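Right, one structure below, let's go through it.
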Amino acid sequence: MADRPVHEHIKDLSNSLVILSDKVLKNFSGAMAALFSSDLEGGDHIKLADGEIDASEVRLEEQCLVFLALQQPVARDLRTIITILKINTDLERIGDLAVHISERIPEIDRAFLRDFHFEKMGELAKEMVQKSIQAFVNKDRQLAEEVCEMDEELDAIHRAVFKKVSAEIRHAEADATQYIVAMSISRYIERIGDHATRIAREVLYLITGEIIRHSESSFEKLIQSLKD
């Protein structure tokens, strides 16, 4: 490893991160497609693919740690490796959330999904992940900031789902299980958006060297929305 220029090692690690993000996004898209088609076998494929994602995440982390030990990078190179490590973890967690979505497929009626905006939420969360990774690749501050702004739209949809569930579940004829599952799915998608936002903030750290403090949490916003 020591015989190669540092920038080549960093390029290889960055490429591995992009490949991992492609796997994660493909699995998330598959989970959403399986959800709307009630494809139980699709859910099994999501779990199998997640095993590969977990292995890739561990392998990339090990490569980063070896790089840190042997190269002892400083300044921007060090920030880049730290950023890759953090994004790597966020991508693995997005993969886990895709599995959680797939695990809910047997519990929910596809017709019931029409009462919510999960397709829109899924597309928005996917776009946020894509843009956050693109911001990393291009070191694009404006795009990273755009992802952070998009998170509010996703949070707003999630809050609307929460309000709807809270109102409807009180009716005697309501199927409580269906509403609880719907709330869980909404929460999983919203969490994917949170991880995309975390990635965007890590990109901002990489570009500026400044740690972006988290604003009011989505849970606090959710509670406040119920009071409004």
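Placing +1 at every Lys and Arg Cβ and -1 at every Asp and Glu Cβ, with all other atoms neutral, what dipole size does segment 1-113 have around its Cα centre, in debye to the nearest 20? Kindly include the intermediate steps, with their values, before the conclusion.
On the way: 12 positive and 20 negative charges, 96 e Å.
Result for segment 1-113 is approximately 460 debye, rounded to the nearest 20.
Under a point spin-label approximation (7 Å from Cα along Cα-to-Cβ), what is the THR208-GLU146 distance to one decimal in nm?
1.8 nm
Can you list the trypsin sites (Lys or Arg not before Pro) in segment 29-88 that are in a DSSP coil and have 15 or fewer other beta carbons within 10 angstrom?
Taking segment 29-88 and a limit of 15 other Cβ atoms within 10 Å, no loop trypsin sites (Lys or Arg not before Pro) are found.
Using 0.36 nm per residue, how much length does the chain from LYS26 to ASN138 gain when fully extended, once their Cα-Cα distance is taken away? Mind dumping the intermediate values first?
Details: separation 112, 0.36 × 112 = 40.32 nm, distance 2.13 nm.
Additional length available on full extension: 38.2 nm.
Using a 7 Å offset from the Cα along the Cα-to-Cβ direction at both ARG59 and LYS163, what is the distance between the two label points in nm, to one decimal?
The two pseudo-label positions are separated by 4.7 nm.
What does a probe at GLU127 reach in segment 182-215, counting residues whose amide N is under 16 Å from the point 7 Å along Cα→Cβ?
190, 193-194, 196-197
Towards the positive end of the charge dipole of the chain, with charges on Cβ (+1 Lys, Arg; -1 Asp, Glu), say which of ALA49, VAL203, VAL161 has the farthest Cα.
VAL203
Among LEU124, THR80, ILE94, which residue has its Cα positioned farthest towards the positive end of the charge dipole of segment 55-143, with +1 placed on the Cβ of Lys and Arg, -1 on the Cβ of Asp and Glu, and the dipole taken about the Cα centre?
THR80
For each pair in LYS26/LYS131; LYS86/LYS131; LYS11/LYS47; LYS26/LYS164; LYS47/LYS164; LYS47/LYS86, compute the distance between the two Cα atoms and list the pairs where it is over 26 Å.
Distance filter (> 26 Å) returns LYS11/LYS47; LYS26/LYS164; LYS47/LYS164.
Rounded to the nearest 0.05, what FRET efficiency do ILE180 and LYS86 have when you use their Cβ-Cβ distance and R0 = 35 Å?
So the FRET efficiency works out to roughly 0.60.
So for ILE169, ILE10, what's the accessible-area order with a 1.4 Å probe, most first? If you can, show how the numbers build up before the last one.
Numbers: ILE169 60, ILE10 20 Å².
So the residues, ranked largest to smallest area, are ILE169, ILE10.
Kindly report the accessible area of the chain per residue (heavy atoms of protein chains, probe 1.4 Å, no ligands, DNA or RNA), in Å².
Numbers: 11710 Å² over 228 residues.
Spelled out: the 1.4 Å probe surface of the chain, per residue, equals 51 Å².
On a full-extension model of 0.36 nm per residue, what is the gain between HIS171 and GLU153, subtracting their alpha-carbon distance, rounded to one decimal in nm?
Length gained between HIS171 and GLU153: 3.6 nm.
Rounded to the nearest 0.05, what FRET efficiency is calculated for VAL66 and LYS11 with R0 set to 22 Å and r the Cβ-Cβ distance?
Numbers: r = 16 Å, r/R0 = 0.71.
The computed FRET efficiency comes out at 0.90.
Just by accessible area at a 1.4 angstrom probe, what is the order of GLU8, GLU92 from largest to smallest?
My answer, sorted largest first, is GLU8, GLU92.
The values are calculated or read from the model by the stated rules, or taken from the named source; none is laboratory data. In this text the structure is predicted, and so the values were computed from the model without any measurement. As a convention, Cβ positions derive from the backbone with ideal geometry for all residues, glycine included, and neighbour counts pool all protein chains shown. The area values use the complete protein model at the heavy-atom level, side chains included, leaving out ligands, DNA and RNA. Shrake-Rupley method; radii C 1.70, N 1.55, O 1.52, S 1.80 Å.
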